[in-house]
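Everything on this sheet refers to the single structure shown next.
The values are calculated or read from the model by the stated rules, or taken from the named source; none is laboratory data. All values derive from a computational prediction rather than experimental measurement. Backbone-built Cβ (ideal geometry, glycine too); neighbour counts: all protein chains shown.
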């Protein structure tokens, strides 16, 4: 039954839905390390912003953690090799998420996994300066690991002063438990990363409030972080479990009752938000000089035989993960990178894991039910559930008529593409796809 009438409650937000969590499949599965892949595919676009520039050529030998692509411009990120071996090719290949071909390195492993000499094997305890932290985060190619993949070094240099740093431990998407397992298994490392993020935010960083926001269905994680909050001077808030609690604007409102303005960003209300996985990667980058070449990924759904949380090298082909997890379970109707609400369906087991891949879901015909779209019945459920306070039914009407300027007037650009409206729609209208289409058309119009 749909839940679209939501009572306003402390540490929550307006709108939202309550999909089946399905986290029980993997929440108690410790993180396992996937064996090294024989070959990796590393697109030079794995982040928000401009594609990285290639700096290595075909035939070069590279070590694990060696830079392959250099950030091109302010909003871009470095790309590093995730294995040691020979660069076999550099060519345009289909990107798992972008719907286009992207320049991609193909590297064949030498099975030695020789790490770049600049990566330290031991934690370097030091009073790092703000500049050192930002430089290491930049050089190591750290991006937001909650899925948005915005370059982290940019978020550490907001154009306005901020008073609050929020570490996002909500992980509100169904099925996904990679962040939860990190919080259970690596709490000190996440906390140290969060402290580095706070220090990087400015000269008055000691006055910046540090909050860990964790959904209340993650009781063990809340208990662990509460046990450290006095020692490391931060706060822990248990948030109501509701989707999309982990979206930046909803999280800020739930914790602080501050509303990010239309077209605005968190720093407009004095906040910066980082994911727990990002905090962990920042810890590794600063203390070990370790680039982002591996991440934790949840593998779940009834279409895979063994459900797991895996530490995976970036660029690993999906088929390697399927083999490690015991193979596919019956006929697969859909494979999704990410969660079921905001993830992207992919069509091939050759697709590589990217920096922003939070999970891989394998759905059979019981989970991937494709229903025929019907006419809107004007019930208003989409309006009640929208966490941004938009009117999806009206937007859909305008977009079907190709009245894109009218859709813009009704704030389609503020849509966060969370999928709540489509989830509650009794007519099964694919509303998010309409809104994505409208955004693209508006951008095209504005470029003319």
Checking 311, 265 in turn, the sole residue that is touching a strand residue (DSSP E or B) at 6+ places or on another chain (Cβ under 7 Å) and surrounded by fewer than 20 Cβ atoms within 10 Å (Cβ to Cβ) turns out to be 311
Inside segment 425-448, the number of residues satisfying the requirement of being in a helix (DSSP H, G or I) and within 21 Å of residue 374 (Cβ to Cβ) is 8
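Conditions tested, residue by residue: (1) modelled with pLDDT of 95 or more; (2) over 23 Å from residue 23 (Cβ atoms); (3) outside any helix (DSSP H, G or I).
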site	(1), (2), (3)
173	yes, no, yes
196	yes, yes, no
203	no, yes, yes
213	yes, no, yes
226	yes, no, no
230	yes, yes, no
Please indicate, with yes or no, whether at least one residue in segment 25-39 is free of Cβ contacts under 8 Å to residues at least 12 places away in the same chain and under 30 Å from residue 183 (Cα atoms). yes
Would you confirm whether or not segment 16-26 contains a residue that is within 23 Å of the chain's Cα centre (by Cα), surrounded by 15 or more Cβ atoms within 10 Å (Cβ to Cβ) and within 22 Å of residue 136 (Cβ to Cβ)? no
So which strands (runs of 3 or more DSSP E) stay within segment 333-424 end to end and still have 2 or more residues that are surrounded by fewer than 19 Cβ atoms within 10 Å (Cβ to Cβ)? 344-346
Conditions: (1) more than 30 Å from residue 425 (Cα to Cα); (2) touching a helix residue (DSSP H, G or I) at 6+ places or on another chain (Cβ under 7 Å); (3) touching a residue at least 40 places away in the same chain (Cβ under 8 Å). Residue 328 meets all but one. Number of the miss? (3)
Scan segment 248-263 for residues that are assigned to a loop (DSSP other than H, G, I, E, B) and touching a helix residue (DSSP H, G or I) at 6+ places or on another chain (Cβ under 9 Å) and jot them down. 258, 259, 260, 261, 262, 263
Select, from 344, 429, the only residue that is touching a residue at least 24 places away in the same chain (Cβ under 8 Å) and assigned by TED's automatic domain parsing to the domain that holds residue 95. 344
Going by the conditions given, is residue 320 surrounded by 14 or more Cβ atoms within 10 Å (Cβ to Cβ), part of a loop (DSSP other than H, G, I, E, B) and out of contact with any strand residue (DSSP E or B) (no Cβ under 8 Å at 6 or more places or on another chain)? no
Please go through (1) under 26 Å from residue 77 (Cβ atoms); (2) without any contact (Cβ under 8 Å) to a residue 60 or more places away in the chain for residue 339 and return the number of the only condition it doesn't satisfy. (2)
